[in-house]
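> One structure coming up, written as structure tokens, with questions to follow.
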Amino acid sequence: MIDGNYDPKISEVKWKEYWEKEGIFRFEPKSAKAAFTIDTPPPTVSGAMHIGHAFSYSQQDFVARYKRMRGFNVYYPFGTDDNGLPTERLVEKLKKVKSTRMERLDFIKLCRETIAEIEPGFVEDWKRIGMSCDFSQTYSTIDPYCIKTSQKSFLDLYKKKLIFRKSSPSMWCVSCQTAIAQAELEDRELGSSFIDVTFKTTEGENMTIATTRPELLPACVMVFVHPDDKRYKKLQGKRAIVPIFGQEVPILADESADPKKGSGILMICTYGDRFDADAIKRKGVGAKTCITKDGKMNENAGAYAGMTIKDARKAITRELKDKGLLTKEKQIVHAVNVHDKCGTEIEFLETEQWFISVIENKDKFIEAGRSINWYPDSMRVRYEHWVQNLNWDWCISRQRHFGVPFPVWYEKKTGKVVVADESDLPVDPMSQAPKGYKKEDLTPEKDIFDTWMTSSMTPGIITNWVKDKNPSVDKDVRFEDYYPTSLRPQAHDIIRTWAFYTIVKGMYHNNKIPWENIIVSGNVADPKGEKMSKSKGNVIHPKDVIEKYSGDVLRFWAASTKMGEDLAYNEKELVTGKKFATKLWNAGKFCYSHLTDYTPEEIDPCELEIMDRWLIAKYNQMISEATKGYESYNPSEGRRVVENFFWHTFCDNYLEIVKHRLYAEGDDDKTLKAKRSARHTIYTVFLGVLKIAAPIMCFVTEELYHAYYSKKEEDGFKSIHLTSWPEEKRCKDEKISLEAGELAVSIISEVRKYKAAGQMSMKAEVGRITAKSPFDVEHLTHEDRDWLREDILNTTKAQELEIGKAEEAEIRIAGTTGPAGQKEPDHKKP
């Protein structure tokens, strides 16, 4: 039994610890149950969970808990993404250091030590929101097992000639000082000056070129005009002199010059963007760069050498003005590619990088995506658009310290690439040499993998693709039995990275899709719909929400929208969730107080009283609709259905209707039978309500289950989350029961309105109720009519009740003496 008010601060911590201690969510690889395998997203260790994490991870946990209650052996391991640039930047921030100013090994050691310090607290945030992962199966993307998996992926693709190394213009972040992939770009609207600059031909003719990047003038190697642009026909084949810097460059006809953009003349530099890179490759012109890897101007910039890019832009613009070479300037806002990790504008620099070939197989990846069930399906369209618009192969090398090392060396004499033997993995080329070589004869590869190189292997990590004897995950899980996995949950902003790269790896390594289903969560905005950021001061922290409300309430909020839809943070939704938890608790107290000495028994639903059968019929509808919602990966529908049923059907109507039976003290057969029917119904239905609410409100339902049902159920489950999903309880006259029950509820509702309008107590008596309805009560048995009549009279406190048949419903309530002694008027509802 339960007393007092529900205290989530005590309860939620208690059940979190209980689940872990008792291994409630532990995966059993030898179980005869069908497995449901979840490729859980490994969150980047960033110090603390943000509200977007709480939103998307709660949504995937709803599915995991539902599948467990449906009888699946749920394999739900947890991992953390601890390597690469995000971790480096976190360590630099926390420890106030710069990786570029430290010895590589010292910085790597500091990263590992810092992760060990903060990771337990970081993972605790996920436990606090009720994640039902098997936390005994936890991996880190930088642990030896994951390094081995990632390095084997490299070796396999290298042998299949799907990986190559080349020197070419690559996207480069001058802030992070590393190459990046196309998937790491973001478009950001930035202000800039669009200026018209005067060039001269070697013959003294003036020509105007519009640009937003005058700092690239020292790197200008060609000028394009459109072959059909009559204005510049006479310039084709001539040479132009670049202002300030003086180099002569060819003027060439090329269709990439847009006559309608700017002056119609295009300046080609090494390198302004990928179009410049393509143009230079097509024309076979030599490169002349002017920007260094750390974002400074080099010696080709002459007097501007050593300046930052932005300072040089301003200074060169100023000199152009002073020399009368700037003829027009206007301020614009345009989309600029920035690095998604730091927001720095991207440069294109000639560097040697490793790539995975993806462009030549785009059709294959689109077809693979169509073999996966996407929830919602619109996210598949987004995925396809991304793949169709890819222009670059996947750059997987990063010029950083902390991450998974390439299993690669180079012969000093010949430059030949030497790769590790698979049996030696994991390896660190900086401290090891491959078989058959001396360390002094080799140059180790210093670059590390792009973090997605490892994260894209999570389906293989959790299923032991490398067949490691001591994996970080369950050693009894065999890749052949669990791949492809059942489900990938993730957010929509990483479709272009995590989803795409994982599909690439699945098809390249195994010629199979990596998962059967993918569910995609939306983003969280502030109450005004704006993106949350520290600078705006509108960031919401999950810990603060849990402290003010509870973990359950946070989960309730996360269940308020469909998969793929963005959600604005709404305090009202949290208040609603808190009320729902409180109502569950109070309903539990009421129900359990009437079930103290009750012994569960199997009763044919057809033997129950008519209003009990009505509730069971409504209960069946709730189960059916909630199940459909969960089966289509739409837990928000499950929440909507159980919330509506519990508040309105169960609490507002049914419990009020059967109170007279529950409180009845007679020991005659009729009274005992009526009480038995009501007790059986509330026992069955409230348990079902708890079960359907359990995937979302996981803590309070566990508390209520253990307060009563765990002691009553024959199976004696350790947790409500290990019980079976409720089953519908059908009766052959369900349609009649529904119609009779709806008639009773409509009558009771009208009497309540009548009393409220007259400011009468709900316990006040009324005179005569006359109801007419298309439903013919004569279809009921004599006993059912008596039960229906008795429940209505006792609930409404009416003295008389007459129910007849009519084509249109009509309810009349005869007046009676009101609270002030006046005669209340008759009430009629057409």
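The values are calculated or read from the model by the stated rules, or taken from the named source; none is laboratory data. From a predicted model like this one, the values you see are computed outputs, not experimental measurements. All Cβ positions, glycine included, derive from the backbone under ideal geometry; neighbour counts span all protein chains shown. These accessible areas exclude ligands, DNA and RNA; they are computed on the full protein's heavy atoms, side chains included. Shrake-Rupley method; radii C 1.70, N 1.55, O 1.52, S 1.80 Å.
> Counting only protein heavy atoms, what percent of the accessible surface of the range 1-145 is carbon or sulfur at a 1.4 Å probe?
Working: 3090 of 5960 Å².
That share works out to 52 percent.
> Sort largest first and round to whole Å: the equivalent ellipsoid semi-axes of the chain, each the square root of five times a Cα gyration tensor eigenvalue. All intermediate terms of the calculation are to be shown ahead of the outcome.
Values: eigenvalues 907, 225, 99 Å².
Its equivalent ellipsoid spans semi-axes of 67, 34, 22 Å.
> Averaging sequence separations of C-alpha pairs under 8 Å and six or more residues apart, then dividing by the length of the range 567-702, give the relative contact order as a whole percent. Before the final figure, lay out each step's value.
On the way: 85 pairs, mean separation 41.8, N = 136.
Dividing the mean separation by the residue count of the range 567-702 yields 31 percent.
> Given a 1.4 Å probe, how much area per residue of the chain is accessible, in Å²? Don't skip to the answer; put the middle values down first.
Working: 36150 Å² over 830 residues.
Value for the chain: 44 Å² per residue.
> Report the charge-dipole magnitude of the chain in Debye, nearest 20, computed about the Cα centre from +1 at each Lys and Arg Cβ and -1 at each Asp and Glu Cβ.
Values: 125 positive and 127 negative charges, 598 e Å.
In debye, rounded to 20, the chain gives about 2880.
> Let me ask something else about it. Which log10 I(q)/I(0) values, to two decimals, does the range 389-447 give at q = 0.13, 0.20, 0.25 Å⁻¹ under the Debye formula with one point per Cα?
Values returned for q = 0.13, 0.20, 0.25 Å⁻¹ are -0.38, -0.76, -1.04.
> If each of Met102 and Ser175 carries a label point 7 Å out from its Cα toward its Cβ, how far apart are those two points in nm?
2.0 nm
> Return the FRET efficiency for the residue pair Asp604, Lys21: r is the Cβ-Cβ distance, R0 is 35 Å, and the value is rounded to the nearest 0.05.
Details: r = 41 Å, r/R0 = 1.16.
My answer for the efficiency is 0.30.
> Can you work out the PRE-style zone for Ala809? Point 7 Å along Cα to Cβ, and I want the residues of the range 703-738 with backbone N under 14 Å.
So the set is 738.
> Taking the Cα-to-Cβ direction at Ile10 and at Asp441 and moving 7 Å from each Cα, how far apart do the two end points lie in nm?
Here the modelled spin labels are 7.3 nm apart.
> For the chain, which cysteines have no disulfide-compatible partner, meaning no other cysteine Cβ under 4.7 Å?
Unpaired cysteines in the chain: Cys111, Cys133, Cys146, Cys220, Cys269, Cys290, Cys342, Cys395, Cys591, Cys651, Cys698.
> Same structure, new question: Relative contact order for the range 528-599: what is it in percent, counting Cα pairs under 8 Å that are at least 6 residues apart? Show your work: numbers first, answer last.
Details: 29 pairs, mean separation 18.5, N = 72.
Contact order relative to length: 26 percent.
> Once Rh is set to the Kirkwood radius over Cα pairs, what Stokes-Einstein translational diffusion coefficient, in µm²/s, holds for the range 202-331 at a temperature of 25 °C and a viscosity of 0.890 mPa s?
Details: Rh = 15.1 Å.
It comes out at roughly 162 µm²/s.
> While we're on this one: When the accessible area of the range 509-596 is split by element with a 1.4 Å probe, what percent falls to carbon and sulfur? Present the calculation step by step, with values, prior to reporting the outcome.
Values: 1980 of 4030 Å².
Its accessible area is 49 percent carbon and sulfur atoms.
> Moving on. Tell me the GluC sites (Glu not before Pro) within the range 99-149 that lie in a loop according to DSSP and have at most 10 other beta-carbon atoms within 10 Å.
Working: sites: Glu103, Glu113, Glu117, Glu124; in loops: Glu103.
Passing sites in the range 99-149 are Glu103.
> Counting only residues 5 or more places away or on other chains, whose amide H sits under 5 Å from the amide H of Thr178 once H atoms are built in the peptide plane?
Close amide H contacts, sequence-distant or interchain: Cys173.
> With the full set of protein chains in place, find how many percent of the accessible area of the range 641-708 is carbon and sulfur; take the probe as 1.4 Å.
Numbers: 950 of 2030 Å².
That fraction is 47 percent.
> Relative to the present Cα-Cα distance, how much length would full extension add between Gln247 and Ala568 at 0.36 nm per residue of separation?
Working: separation 321, 0.36 × 321 = 115.56 nm, distance 5.49 nm.
Length gained between Gln247 and Ala568: 110.1 nm.
> What is the set of long-range amide H partners of Ala568 at a cut-off below 5 Å, with H atoms built 1.01 Å from backbone N?
Close amide H contacts, sequence-distant or interchain: Ala525.
> Related question: Would you kindly derive the ³J(HN,Hα) couplings of the range 108-120 from the backbone phi angles with the Karplus curve 6.51 cos²θ - 1.76 cosθ + 1.60 (θ = phi - 60°), listing them in order in whole Hz, with x for Gly and Pro?
With coefficients 6.51, -1.76 and 1.60, one gets 4, 4, 5, 4, 5, 5, 5, 4, 4, 6, 9, 5, x Hz.
> Can you give the extra length, in nm with one decimal, that the chain gains between Asp481 and Phe717 once fully stretched, where that is 0.36 nm per residue apart less the Cα-Cα distance?
Values: separation 236, 0.36 × 236 = 84.96 nm, distance 2.83 nm.
Gain on stretching Asp481 to Phe717: 82.1 nm.
> At most 11 other Cβ atoms within 10 Å and a DSSP loop assignment: could you name the GluC sites (Glu not before Pro) in the range 682-788 that fit? Intermediate results must be reported in sequence, preceding the final value.
Working: sites: Glu702, Glu703, Glu713, Glu714, Glu727, Glu728, Glu734, Glu739, Glu742, Glu750, Glu765, Glu778, Glu783; in loops: Glu713, Glu714, Glu727, Glu728, Glu765.
Loop-located and lightly packed - Glu714, Glu727.
> So, in the range 516-641, how many Lys pairs have Cα atoms under 19 Å apart, if the pair is 8 or more places apart or on different chains?
Lysine pairs meeting both conditions in the range 516-641 amount to 15.
> Please tell me the relative contact order of the range 469-562 in percent, rounded to the nearest whole number, where contacts are Cα pairs under 8 Å and at least six residues apart. Intermediate values should be presented prior to the final figure.
Numbers: 63 pairs, mean separation 21.3, N = 94.
So the answer I get is 23 percent.
> Next question. Could you give the nm distance between label points at Lys281 and Asn391, where each point is 7 Å from its Cα heading toward the beta carbon?
1.1 nm
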